[in-house]
Amino acid sequence: MAVLEVSNLTKRFGDVLAVDDLSFAVAPGEIFGFLGGNGAGKTTTLRMVLDIIRPTSGTISILGSGPDRRNAAAIGFLPEERGLYSGMSAIETIVYFGKLKGMSAAAARARGMELLTRFDLADRAKSDIGDMSKGMAQKVQLATSLVNEPELLMLDEPFSGLDPVNQGLLENEILSASKRGAAVIFSTHVMQHAERLCDRLLLLRKGRKRFEGTLEQARAELPASLIAVSKADMGSVPGVADAKPIGQPDGEWREWDVKLAPGVAPEIVLEHCSVHGVALRRWDERRASLHDVFVQLVGGEGVEK
């Protein structure tokens, strides 16, 4: 059974269609990338899952039931807009959120200290949140989303503002949550994180799903390109949609920037060259990156490689 299942979800704010007939599911142990540009509907969708706002139409199922406060014990959420209570210590903040999720104070405190130790903040457990650096406070907020060992972990732009070391720490926490069986869904503008972590991806544009599948399936949405050095005109080879010469020829040899026709695999073109005696001195395949796919299907605003 899917931990989270969204079916035909729609949300309107007056004349604005923020989420448009969206459906997807996230299984236990799966890391699901929820990707889209600014205003694509990612945060609105996550808020509907949390029952902060209600959908105009469609259904949401969390562990087999609709979204409401009774799901709190099963959910961990890290919002894009970070916000903790100044005047509370790090450990008391974590305990507070743990109790909101149905934990006893003792269990939340023990788990909180475990997390702070892992995040190299054990010596700051009693420090006021207001006296902490931004990076420290972000790690405390991450701990609040993990304290109850959620079955559904949702992270909205979790890497924003973190330095490379803490980004790596967060990646490890995402992988750890997945390994213990949690369904993890996170939105991000940083394609490198999605490429490294995600089992599946969903690309959202103006509230509507443009793609859902694995990274390999996403890359297959765009044709591969090649750099080839050949004596032949690569534009005349079957399966090649376009070929442009690069730089100056080296005698009979010329370097080509080759674009394959949609659906044509590079090895098919290579096999044709071998069978038909097309001389090649260099053959470098360049598959589309997730960044390329994102820009093509969603648009490039706000996206980072």
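Classify the stretch 163-305 as rounded, prolate or oblate from the Cα gyration tensor: take a ≥ b ≥ c as the square roots of its eigenvalues, call it rounded if a/c is under 1.5, otherwise prolate when a/b beats b/c and oblate if not.
The shape class here is prolate.
Restricting the count to DSSP beta bridges whose residues both fall in the stretch 4-219, what percent are antiparallel, rounded to a multiple of 5? Don't skip to the answer; put the middle values down first.
Details: 19 of 37 bridges.
Approximately 50 percent, going by the DSSP bridge assignments.
For the chain, list log₁₀ I(q)/I(0) at each q in 0.15 Å⁻¹, using the Debye formula over Cα point scatterers of equal strength and ignoring solvent, two decimals each.
Relative scattering, expressed as log10 I(q)/I(0), comes to -1.11.
Considering only DSSP states other than H, G, I, E and B, which GluC sites (Glu not before Pro) in the stretch 240-303 qualify as loop sites with at most 10 other Cβ atoms within 10 Å? It would help to have the intermediate numbers written out before the result.
Details: sites: E252, E255, E267, E271, E285, E301; in loops: E252, E301.
Listed in order of number, the matching sites are E252.
For the stretch 194-260, just the Cα set please: Rg and Dmax, both in angstrom.
Over the stretch 194-260's Cα set, Rg and Dmax evaluate to 17.4, 54 Å.
Got the relative contact order for the chain handy, in percent, Cα pairs under 8 Å and 6 or more residues apart?
Reported as a whole number, the value is 21 percent.
Sequence gap at least 6, Cα distance under 8 Å: using those rules, report the relative contact order of the stretch 225-287 to the nearest whole percent.
47 percent
Work out the count of Lys pairs in the stretch 4-219 where the Cα-Cα distance is under 15 Å, with the pair 8 or more places apart or on different chains.
6
Test of understanding: ordering W256, W283 by Cβ neighbours within 10 Å, fewest first, what list do you get? Could the numbers behind the result be given before it?
Working: W256 22, W283 15.
Arranged by neighbour count, lowest to highest, W256, W283 become W283, W256.
Average the reciprocal distances over every distinct pair of alpha-carbons in the stretch 1-78, invert the result, and give the Kirkwood radius in Å.
Working: mean 1/r = 0.0772 Å⁻¹.
Computed over the stretch 1-78, the radius equals 13.0 Å.
Just check the stretch 246-305 against the gyration tensor rule for me: Cα atoms, a ≥ b ≥ c as the square roots of the eigenvalues, rounded for a/c under 1.5, and otherwise prolate or oblate depending on whether a/b exceeds b/c. Walk me through the numbers on the way to the answer.
Details: a/c = 3.74, a/b = 1.86, b/c = 2.01.
Oblate shape, in that a/c is at least 1.5 and b/c is the bigger or equal ratio.
How high is the relative contact order of the stretch 150-250? Use alpha-carbon pairs under 8 Å, at least six apart in sequence, and give a whole percent.
Values: 75 pairs, mean separation 18.9, N = 101.
Result for the stretch 150-250 is 19 percent.
Across the stretch 21-164, how large is the tail of the calculated P(r) beyond 27 Å, expressed as a percent of all Cα pairs? Spell out each step's value before the answer.
Numbers: 2527 of 10296 pairs.
It works out to 25 percent of all Cα pairs.
Does anything in the stretch 228-251 have its amide N under 15 Å from the 7 Å Cα→Cβ label point of A279, and if so which residues?
Those under the cut-off are 229-234, 249-251.
Each value in this text was obtained by applying a stated rule to the coordinates, not by laboratory testing. Keep in mind it's a predicted model, so treat the numbers as computed, not measured. When we count neighbours, we look across all protein chains shown, and the Cβ atoms used for this are built from the backbone with ideal geometry, even at glycine.
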